[in-house]
Amino acid sequence: MRKKLEGNGIWESSRMMLPEHKVAINEQEQASRQRQRIELDEQEWENISRFVMESLQQRHPIAIRLFHPLEELSVIGVVDRVDQLKGRFMVDGEWFSIRDIEGASIEEG
């Protein structure tokens, strides 16, 4: 008993993690892994616009990199529609936000 009371013995002998601490640690770890949204310059937006319109008009497959806070997303397919009023585009029947675009390229093949 005397050993527990010496130095930092009380804290050293009680190693316990509360559920609140575990949640806080997990949230902090997830926050540190989050990606930041990049800002594209005017020239990059022009290239992306050209690729999207080429895919829409000539039915060429396109690869579009999209922002997601936790992972790198990529959409590959043919652009079906572009809705500039709502700021979105459709690839293979699924809508995506234009403001989430980080880059685009025409797929070969």
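The values are calculated or read from the model by the stated rules, or taken from the named source; none is laboratory data. Everything numeric here is computed off the predicted structure, so don't read it as measured data. Glycine gets a Cβ as well: all are built from the backbone with ideal geometry, and neighbour counts include every protein chain shown. These area figures cover heavy atoms from the full protein model, side chains too; ligands, DNA and RNA do not enter into them. Shrake-Rupley method; radii C 1.70, N 1.55, O 1.52, S 1.80 Å.
Can you tell me how the range 42-106 classifies by the Cα gyration tensor, rounded, prolate or oblate, using a/c under 1.5 as the rounded cut? Because its axes are fairly even, with a/c under 1.5, the range 42-106 counts as rounded. Among the trypsin sites (Lys or Arg not before Pro) in the range 40-90, those placed in a DSSP loop whose Cβ has at most 13 other Cβ atoms within 10 Å are R59, K86. Using the Cα coordinates of the chain, the gyration tensor eigenvalues translate into equivalent-ellipsoid semi-axes of 52, 13, 12 Å, sorted from longest to shortest.
Rounded to the nearest 10 square angstrom, H68 shows an accessible area of 60 square angstrom against a 1.4 Å probe. Relative to the dominant Cα principal axis of the chain, helix 19-33 is inclined by about 40°. Near V91, once Lys and Arg are set to +1 and Asp and Glu to -1 for all other residues with Cβ below 13 Å from its Cβ, the sum equals -2. Between V78 and E44, the simple label model (points 7 Å from Cα in the Cβ direction) yields a spacing of 2.9 nm. What is the sum of charges around E72, taking Lys and Arg as +1, Asp and Glu as -1, for the other residues whose C-beta is under 15 Å from the C-beta of E72? In short, +1.
Figure note: D92, D100 ranked by solvent-accessible area, largest first, 1.4 Å probe, ligands and nucleic acids not counted: D92, D100. Ranking M90, M16, M53 from most to least accessible surface, computed with a 1.4 Å probe over the protein chains only, gives M16, M53, M90. Per-residue accessible area (protein heavy atoms, 1.4 Å probe) orders L66, L56 as L56, L66, starting from the largest.
Using the Cβ of H60 as centre and a radius below 14 Å, the other residues enclosed give a net charge of -3, where K and R count +1 and D and E count -1.
Note on Q28/H68: beta-carbon distance plugged into 1/(1 + (r/R0)^6) with R0 of 25 Å gives a FRET efficiency of 0.80.
Calculated mean residue ellipticity, 222 nm, the chain: -11000 deg cm²/dmol, from DSSP H runs (n ≥ 4) at -39500 (n - 2.57) each, averaged per residue and rounded to 500.
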